[in-house]
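Undergrad: One structure, pasted below without further comment.
The values are calculated or read from the model by the stated rules, or taken from the named source; none is laboratory data. Nothing here was measured: the structure is a model prediction, and the numbers come from that model. Reconstructed Cβ throughout: ideal geometry from the backbone, glycine too, with neighbour counts over all protein chains shown. Please note that ligands, DNA and RNA were not included when accessible areas were found on the heavy atoms of the full protein model with its side chains. Shrake-Rupley method; radii C 1.70, N 1.55, O 1.52, S 1.80 Å.
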Amino acid sequence: MVVHLVRYERDERPSWGVLTGDLISPLTGQYPRTADLIDRGRADWAAAASRTADLPLADVELLSPVTTPCRVMCQGANYRQHAIESGMDPDKRLFNLFFDKTDASVTGPHDPVIRPAHVTLLDYEIELTLVLNGTVAEPTTVTAENLHEYVFGVTIGNDLSARDVQLPQGQFLKGKSYRGFCPLGPVLAVLEPGDLGLLDDLELRLEVNGSLRQRDNTANMLYRPAETLTELSEFCNWNPGDVLLTGTPHGITAGSPPAVIRRLATALLPEDKLWAAFVRLNQRKPYLRPGDVITASIRNAAGTLDLGTQQTTIVDACV
């Protein structure tokens, strides 16, 4: 059975608890790092799950269920329709796209996020986020049968992206790693071996100011967790508490023009003028602005795996 954990602060003290509805059953132990919880918290959360929850969710401040330092790894264009809107043919794409963010970007599920003063094309990307288990320091074969040894649980991630840095400068790391650009949580769902099949049928939904922007199902992923982690292990180490954001659905604000238009523009315009035109044209689109509120949720239809609702308010750099 899936256990839904939250990390929260009450009386200036971070704690963990099992969430049932709108009530928390606190864990009795102290786990400063997510890795500590993974390593020695099982008996504690099992006991908490058996008790009657009595701490109202409204009485606490929710924190990121992933503590730092940690590695934040990402997949790109991993949903069929998002690959298409990014100018790719998902049926002819023969590679898994990886990049990363710095852990300076990690923030809580309800914390405001500052839009840097020089950024005008701030975009959202809801992503199912794997919280990893195991210490991997060599190429490793991950399968459906042993996936539970490498995935501890899942949470919601938002891969906020400064498109006017990421794309014109070719800087994925910088454009996606400003402080606060990776809200995580609120819920960390702990998965037992029999729960991992639930990852194949989860609904992702993101709204801005109540208007639906992204909606898709994990059934439409191009590369699934086991094969992705196998490939990731060929060039990347990880430890318990590191995370992998598994890609975003279609519906982001940034888009790619048809291939023929891109080829013509590249042939006719110097690169600096091409990107200046890109930024100018994109400023007409509904990118995130101070005051915008993003809500993001991931759950299955039965409600047996529910990662809660993440809410992020964008604020101006001068606030």
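Undergrad: Give me the residue from segment 289-319 that is charged (D, E, K, R) and farther than 15 Å from Pro65 by Cβ and, out of that set, least open to solvent (accessible area, probe 1.4 Å).
TA: The selected residue is Asp292.
Undergrad: Now, a different point. Name the strands (runs of 3 or more DSSP E) wholly within segment 97-139 that hold at least 3 residues that are open to solvent by 50 Å² or more (accessible area, probe 1.4 Å) and not aliphatic (A, V, I, L, M)?
TA: Strands (runs of 3 or more DSSP E) meeting the threshold: none at all.
Undergrad: May I pose another question? Looking only at segment 176-198, which residues are open to solvent by 10 Å² or more (accessible area, probe 1.4 Å) and of a type in the set (Phe, Trp, Tyr)?
TA: Within segment 176-198, Tyr178 is the sole residue that qualifies.
Undergrad: Could you please tell me which pairs satisfy a Cβ distance under 6 Å, a separation of 6+ or placement on different chains, a first residue in segment 183-202 that is more than 21 Å from Asn146 (Cα to Cα) and outside the structural domain of Ala219 (by the TED database), and a second residue that is at pLDDT 95 or above and crowded, with 19+ Cβ neighbours inside 10 Å?
TA: Matching pairs, first to second residue: none at all.
Undergrad: If you don't mind, another one. Tally the residues that are more than 15 Å from Val190 (Cα to Cα) and touching a Pro at 6+ places or on another chain (Cβ under 8 Å), restricting the search to segment 33-60.
TA: The number of residues fulfilling the criteria is 1.
Undergrad: Specify the residue that is modelled with the highest pLDDT; the eligible residues are those in segment 247-276 that are assigned to a loop (DSSP other than H, G, I, E, B) and open to solvent by 30 Å² or more (accessible area, probe 1.4 Å).
TA: Out of the qualifying residues, it is His250.
Undergrad: Next question. Among the numbered criteria (1) crowded, with 18+ Cβ neighbours inside 10 Å; (2) more than 19 Å from the chain's Cα centre (by Cα); (3) farther than 26 Å from Asn239 by Cβ, which one does Val18 miss?
TA: Failed condition: (3).
Undergrad: On to the next question. Does Leu57 meet the test of being crowded, with 19+ Cβ neighbours inside 10 Å, farther than 25 Å from Arg213 by Cα and outside the structural domain of Gly197 (by the TED database)?
TA: It is false that Leu57 is crowded, with 19+ Cβ neighbours inside 10 Å, farther than 25 Å from Arg213 by Cα and outside the structural domain of Gly197 (by the TED database).
Undergrad: Please go through segment 277-288 and give me each residue that is open to solvent by less than 30 Å² (accessible area, probe 1.4 Å) and at pLDDT 95 or above, ordered by number.
TA: Passing the criteria: Tyr287, Leu288.
Undergrad: On to the next question. Please pick out the residue among Leu212, Leu204, Leu173, Leu244 that is in a strand (DSSP E or B), open to solvent by 10 Å² or more (accessible area, probe 1.4 Å) and of a type in the set (A, V, I, L, M).
TA: Exactly one of Leu212, Leu204, Leu173, Leu244 is in a strand (DSSP E or B), open to solvent by 10 Å² or more (accessible area, probe 1.4 Å) and of a type in the set (A, V, I, L, M), namely Leu212.
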